[in-house]
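Accompanying notes for the structure given below.
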Amino acid sequence: MGFFSGLFKHVTKTDEAAPSAAEVKNINADVTLYAPVTGTLLPLEEVPDIVISEKVMGDGVAVVPESESIVAPCDGVISRLLPTKNAFAVRMAEGLEVYVTFGVEAMELKSEGFTTKVNLGDEVKKGDPIIITEPRLLSSKLKSTITSMIVIKSTGDIDKIFAATGKCHAGVTPVLWITLHNKAQ
């Protein structure tokens, strides 16, 4: 258990084993999020950034990227777009906000190696390109190129989050399933 674990109550539950393909079909998720980048999935605990690995902002999944395009993991509106161009958030119709951030210590590059394809307030669809990265440049300048996708704790009545494992394809592979406490009847 890390330092921040004792300070913040975890609302979500990805501590449990990742669901198998058969179990995923049985999850009655209210929201499904798709891979923001092509690569290999990791639990957030393996991200070399204490704020992410301790789930201070929320729970989710990380990806070791194998592609240069970071896409919208769901339909929604771009609610945050950092000036450093390495991170963005999408607010969904359900009121949940999903934050996607590329790399560890990428903010120090001040947008070098990143190109954004959207603006704050733009509507996006699952799979729309949001950020294009320069992998060669970034891999030589960053501590890590891991991309994290976090469901922000304060944006919804989250009951549980289930995360997938294995390989994923940007905008195609479902990687997070969210159940909410108060489902609309």
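Points worth noting:
- All conditions in (1) aliphatic (A, V, I, L, M); (2) open to solvent by less than 20 Å² (accessible area, probe 1.4 Å); (3) more than 15 Å from residue 73 (Cβ to Cβ) hold for residue 89, with the sole exception of (3).
- When residues of segment 92-109 are limited to those that are over 15 Å from residue 124 (Cβ atoms) and among the β-branched types (Val, Ile, Thr), the one modelled with the lowest pLDDT: 104
- Between 161, 146, 131, the distinction of being farther than 19 Å from residue 59 by Cα, in a strand (DSSP E or B) and open to solvent by less than 60 Å² (accessible area, probe 1.4 Å) belongs to 131 only.
- Residue in segment 71-89 that is modelled with pLDDT under 90, in contact with a strand residue (DSSP E or B) (Cβ under 6 Å, 6 or more places away or on another chain), within 23 Å of residue 163 (Cα to Cα) and in a loop (DSSP other than H, G, I, E, B) present: yes
- Restricted to segment 121-169, and to residues there that are acidic (Asp, Glu) and at pLDDT below 95, the residue that is farthest from residue 88 (Cα to Cα) is 159.
- Segment 95-115: number of residues that are closer than 19 Å to residue 35 by Cβ and open to solvent by 20 Å² or more (accessible area, probe 1.4 Å): 1
- Segment 20-46 - residue that is at pLDDT below 70 and in a helix (DSSP H, G or I) and, of those, least open to solvent (accessible area, probe 1.4 Å): 24
- If the condition is being closer than 23 Å to residue 94 by Cβ and open to solvent by 60 Å² or more (accessible area, probe 1.4 Å), then segment 60-83 contributes 75, 80.
- If you filter segment 90-112 down to residues that are touching a Gly at 6+ places or on another chain (Cβ under 9 Å) and assigned to a loop (DSSP other than H, G, I, E, B), you find that the one that is nearest to residue 152 (Cα to Cα) is 96.
The values are calculated or read from the model by the stated rules, or taken from the named source; none is laboratory data. Treat the numbers as computed from the prediction; the structure is a model and nothing was measured. Note that we place each Cβ from the backbone using ideal geometry, even for glycine, and neighbour counts take in every protein chain shown. The protein model used for the area step is the full one, side chains on, heavy atoms only, and it has no ligands, DNA or RNA in it. Shrake-Rupley method; radii C 1.70, N 1.55, O 1.52, S 1.80 Å.
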